[in-house]
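**Student:** Okay, handing you the structure first.
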Amino acid sequence: MAEVNMPRLSDTMQEGTITRWLKQVGDEVKRGDVLAEVETDKANMEVEAYDSGILERVVAQEGETVPIGQVIAIIGSGAGTLKGGQPEVLVTTQSGQTPPVAPSIHESAAVEQPSVFAGISAQQNGVGVNRMFIKASPLARRMAEEHGIDLLQVKGTGPGGRIVRDDIEDFIEQRTISPAAAMQPQPVQPVGAAPASISEISMADAEVVTLTSMQKTIARRLTESKQTVPHFYVGNEIDMTEVLKLRQELNVALSEEGIKISVNDLIVRACALTLEKFPEINGSYKDGQFVLHKKVNIGIAVDLPSGLVVPVIRDANTKGLRVIAREARSLVAKAQTGKLTPAELDGGTFSISNLGMMDVTEFVAVINPPQAAILAVAATRKTFVPIDDQPVIRDIMHVTLSADHRILYGATVARFLKEVKHLLQNPFLLLV
Amino acid sequence: MAEVSLRQVLNDTLREEMLRDENVFLMGEEIGNFEGSYKITAGLLKEFGPKRVVDTPIAENGFVGMAVGAAMLGLRPVVEIMTFNFIALAIDEILNHAAKIYYMFGGQTPVPMVIRTPGGGGQQLSATHSQNLEAWFAHIPGLQVVAPSTPGDARGLLRTAIRNNNPVLFLEHLALYNAKGEVPEGDYTIPFGQAKVMKEGKDLTVISYSRKAAIAYDVASRLERENKLSVEVVDIRSLRPLDGETLVNSVKKTGRAIVFEEDWRSYGVGAEIVATLQEDAFDYLDAPIKRVASVEVPLPYSKPLELAALTGAQELESAINDLAPRRRRR
């Protein structure tokens with residue numbers, strides 16, 4: 001008998017939501033078969049079987065959100081098949097190390113603990129109660145109860161992943177130190193149950209929406225960013241007249257190839273070239289050190305109905321406009337259909353958020369840690385500009401760079417923006 | 001307080017009890033002229049004469065039966081069985097007479113007798129002379145079984161044993177006879193069924209008795225000195241009746257326990273203690289209780305093999321390290 005666990009599909013993933021089971025209880029499963037689709041904080045992913053056999057039990061139902069490492073299904077000989085035994089039951093948490101990316105399966109706890117399974121079916125009452133079976137010492141259970149801790153949120157460090165007193169004490173300590181961080185993965189308030197803090201607002205007139213994994217991640221990471229990264233902001237105005245002319249000429253010339261270069265592609269190119277000269281802006285502040293990345297990987301924020309994703313154009317400084325345009329278009333299309341892979345979302349060293357199409361005069365963005373900076377790009381507008389003391393109409397674009405003051409200082413950022421501006425105002429430089 | 005050896009304390013206590021109560025008398029093999037195989041009865045024949053210090057034939061069944069009869073008629077015999085291993089011959093007298101008569105005669109006939117006997121291995125006395133059979137006797141209602149680990153406890157427990165109206169098995173350990181310890185002054189007694197916290201600790205509890213309790217105390221004290229772990233040591237002292245309350249309270253504090261015993265693991269004293277703890281301290285347990293006991297073989301004569309078969313400080317320390325919580329308790 002083998003457990004299928006919620007795989008860890010990206011570095012930041014803490015839980016995943018089963019969107020669809022592709023195999024049903026009783027189905028024969030071969031190693032490598034896709035068992036289910038999982039929505040993570042970053043993408044929709046497939047969970048593959050690592051063992052062959054019969055899908056005996058589906059533990060996590062569609063729509064259910066499960067922490068990584070937790071059992072979502074059982075593959076066995078077929079002897080233990082439990083048809084229609086829904087809702088089923090979670091067996092263990094974190095029953096071992098979860099490999100960094102690949103879906104994982106553990107042969108362990110299920111085999112050692114037949115009594116647990118026996119107990120489950122006996123206890124099923126069929127009214128939709130999801131009883132959680134978690135390996136925890138009696139003392140840990142009692143402490144969790146006394147402190148109102150959900151054992152599902154606690155990582156067990158005892159033998160076989162058992163939750164012991166140390167783990168509960170760690171959890172309590174962490175919760176005391178940073179209530180936001182520790183409380184974050186708590187289950188979302190059910191509809192109708194008002195959190196105490198906003199009880200003054202009548203909940204009767206409100207709709208309470210359960211967050212998707214992605215929305216939870218955005219909420220967590222951006223809160224973390226604003227609370228831990230000291231942001232400062234430097235703005236500039238860039239005359240886009242020349243670069244827009246160039247873009248028009250390029251697009252006419254490239255139209256037969258089906259290539260269309262966007263304003264954003266030009267900004268990506270300008271930033272990528274400039275970042276080569278400003279390693280701190282392409283760096284991270286980490287544990288009291290500056291980490292200067294050798295690669296320039298630029299994330300581009302893509303708006304989605306359900307939130308926001310930031311797919312990454314890798315080695316952007318080595319890529320010409322043609323390649324950048326093609327990759328950006330493909331990433332945006334994948335983002336909109338939920339097909340981005342973790343690899344396409346990881347590893348960004350700098351981000352660009354462009355609200356130019358939305359007629360925004362200016363805005364500031366929140367840094368996407370561990371990156372040190374993010375460029376907020378507003379709309380390009382026809383503006384009177386004094387040239388030789390005469391008012392001239394030019395295409396002016398406002399940009400604001402949000403920077404992490406632990407690694408970046410005002411003058412560096414100002415010089416960076418000046419260089420980006422120089423490239424965009426002398427756009428032939430973008431071609432070489 | 002004076003530091004006295006356990007051997008000397010036993011001798012002193014027997015003498016005092018004989019002086020205190022003329023019904024107290026001693027029986028056993030070689031306890032008179034030879035003054036005992038381990039010299040526990042040294043000088044007593046000379047002082048009290050052959051009516052009160054009786055050398056017996058090599059016939060455990062006979063003289064233990066005689067002691068039961070003497071006790072029924074009002075005397076207080078203290079019988080020495082030369083080593084615990086020889087007690088097998090007298091089991092019928094102990095099990096079916098000594099332990100039953102007080103009950104079966106409707107409480108009219110107490111059997112106030114004590115059987116003193118040394119057990120334990122480690123002296124290269126081989127398989128038939130090194131055993132720890134206490135679980136057999138602690139199993140029997142009607143008997144009381146005590147096993148001190150220090151001279152101070154030996155004195156208090158032996159007084160209680162002799163003055164008690166029930167048959168008592170008083171377990172000594174060959175390797176403890178020379179152990180020295182402080183012995184309080186005065187006519188104190190230690191009630192049966194009271195465990196002793198030898199050393200307080202926070203990280204885990206080691207429960208033991210007799211020689212192993214002394215070893216546990218040493219190991220725990222060293223770990224504390226080296227600032228490694230804070231180990232609580234509880235000496236049960238009395239196997240029957242067992243003081244569950246003290247054990248449970250200790251585990252409530254530490255959440256983790258090891259039973260350290262010299263007998264064999266299966267069906268041993270540790271099994272009873274573990275069962276008691278899981279019944280009464282379940283919600284306080286942070287890990288399964290460990291048993292550190294002797295290897296389940298007849299004890300070999302060869303010194304290296306004997307050492308390998310007997311459990312000791314090393315085995316205990318490794319179990320402590322296995323079981324210790326990740327973070328130390330403050």
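**Student:** Please determine whether any residue of the range B:251-258 is more than 14 Å from chain A (Cβ to nearest Cβ), in contact (Cβ under 8 Å) with a residue 60 or more places away in the chain and either buried (at least 20 other Cβ atoms within 10 Å of the Cβ) or part of a loop (DSSP other than H, G, I, E, B) (or both).
**Tutor:** So far as the range B:251-258 goes, yes, one or more of its residues are more than 14 Å from chain A (Cβ to nearest Cβ), in contact (Cβ under 8 Å) with a residue 60 or more places away in the chain and either buried (at least 20 other Cβ atoms within 10 Å of the Cβ) or part of a loop (DSSP other than H, G, I, E, B) (or both).
**Student:** Within the range B:83-127, can you find the residues that are among the hydrophobic types (A, V, I, L, M, F, W, C) and touching a Gly at 6+ places or on another chain (Cβ under 7 Å)?
**Tutor:** B:Phe84, B:Ala99
**Student:** Using beta carbons and a limit of 8 Å, which pairs, at least six apart or on different chains, have the first residue in the range B:226-244 and within 13 Å of B:Ser208 (Cβ to Cβ) and the second one of a type in the set (Lys, Arg)?
**Tutor:** Note: pairs meeting the criteria are B:Val231/B:Lys199; B:Glu232/B:Lys199; B:Glu232/B:Lys202; B:Glu232/B:Lys253; B:Val233/B:Lys199; B:Val234/B:Lys196; B:Asp235/B:Lys196; B:Arg237/B:Lys196.
**Student:** Go through the range A:7-24 and report how many residues are surrounded by 15 or more Cβ atoms within 10 Å (Cβ to Cβ) and over 28 Å from A:Gln153 (Cβ atoms).
**Tutor:** 1
**Student:** State yes or no: is B:Glu60 more than 24 Å from the chain's Cα centre (by Cα) and acidic (Asp, Glu)?
**Tutor:** No; evaluated as a whole, the condition is false for this residue.
**Student:** Okay, moving on. Within the range B:188-210, is even one residue within 14 Å of another protein chain (Cβ to nearest Cβ), crowded, with 19+ Cβ neighbours inside 10 Å, over 27 Å from B:Ala309 (Cα atoms) and of a type in the set (A, V, I, L, M)?
**Tutor:** So in the range B:188-210, the residues within 14 Å of another protein chain (Cβ to nearest Cβ) come out as B:202-205.
Pick out the ones that are also crowded, with 19+ Cβ neighbours inside 10 Å and you get B:203-205.
Remaining after also requiring over 27 Å from B:Ala309 (Cα atoms): B:203.
Checking the rest, the ones that are also of a type in the set (A, V, I, L, M) come to none.
No, the range B:188-210 contains no residue that is within 14 Å of another protein chain (Cβ to nearest Cβ), crowded, with 19+ Cβ neighbours inside 10 Å, over 27 Å from B:Ala309 (Cα atoms) and of a type in the set (A, V, I, L, M).
**Student:** Please verify whether B:His129 is over 11 Å from the mean Cα position of the chain (by Cα) and not in a loop (DSSP other than H, G, I, E, B), treating the condition exactly as stated.
**Tutor:** Criteria not met by B:His129.
**Student:** Please state which one of A:Phe350, A:Phe363, A:Phe384 is touching a strand residue (DSSP E or B) at 6+ places or on another chain (Cβ under 7 Å) and either surrounded by 22 or more Cβ atoms within 10 Å (Cβ to Cβ) or small (Gly, Ala, Ser) (or both).
**Tutor:** A:Phe350
**Student:** Test B:Phe137 against the criterion of being closer than 30 Å to B:Ser302 by Cα, touching a residue at least 12 places away in the same chain (Cβ under 8 Å), of a type in the set (Phe, Trp, Tyr) and not in a strand (DSSP E or B), and give yes or no.
**Tutor:** In short, yes.
**Student:** Name the residue that is surrounded by the fewest Cβ atoms within 10 Å (Cβ to Cβ), counting only residues in the range A:142-179 that are more than 25 Å from the chain's Cα centre (by Cα) and among the β-branched types (Val, Ile, Thr).
**Tutor:** A:Thr176
**Student:** Are there any pairs with C-beta distances below 9 angstrom linking a residue in the range A:8-23 that is of a type in the set (Phe, Trp, Tyr) to a residue that is surrounded by fewer than 19 Cβ atoms within 10 Å (Cβ to Cβ), with the two at least 6 apart or on different chains, and if so which?
**Tutor:** Pairs found: A:Trp21/A:Glu37; A:Trp21/A:Gln61; A:Trp21/A:Glu62.
**Student:** Kindly indicate the residue of the range B:260-297 that is among the acidic types (Asp, Glu) and within 14 Å of chain A (Cβ to nearest Cβ) and also farthest from B:Pro118 (Cα to Cα) among those meeting that condition. Walk me through it before giving the result.
**Tutor:** Restricting attention to the range B:260-297, the residues satisfying the condition of being among the acidic types (Asp, Glu) are B:261-263, B:272, B:279-280, B:283, B:286, B:296.
Retained after the next criterion (residues that are within 14 Å of chain A (Cβ to nearest Cβ)): B:279-280, B:283, B:286.
On the way: B:Glu279: 32, B:Asp280: 32, B:Asp283: 38, B:Asp286: 36 Å.
Top of the filtered list is B:Asp283.
**Student:** Identify the single condition in (1) touching a residue at least 24 places away in the same chain (Cβ under 8 Å); (2) under 19 Å from B:Val168 (Cβ atoms); (3) not β-branched (Val, Ile, Thr) that B:Asn96 does not satisfy, given that it satisfies every other one.
**Tutor:** Of the numbered conditions (1) touching a residue at least 24 places away in the same chain (Cβ under 8 Å); (2) under 19 Å from B:Val168 (Cβ atoms); (3) not β-branched (Val, Ile, Thr), the odd one out for B:Asn96 is (1).
**Student:** Given the range B:263-330, what helices (runs of 4 or more DSSP H) lie entirely inside it while holding 2 or more residues that are closer than 20 Å to B:Lys253 by Cβ?
**Tutor:** Helices (runs of 4 or more DSSP H) meeting the threshold: B:269-280, B:313-323.
Bear in mind these aren't lab numbers, they're just calculated from the coordinates by the rules spelled out. The structure displayed is predicted, hence computed values, not measured ones. Here the Cβ is made from the backbone with ideal geometry for all residues, glycine too, and neighbour counts use every protein chain on show.
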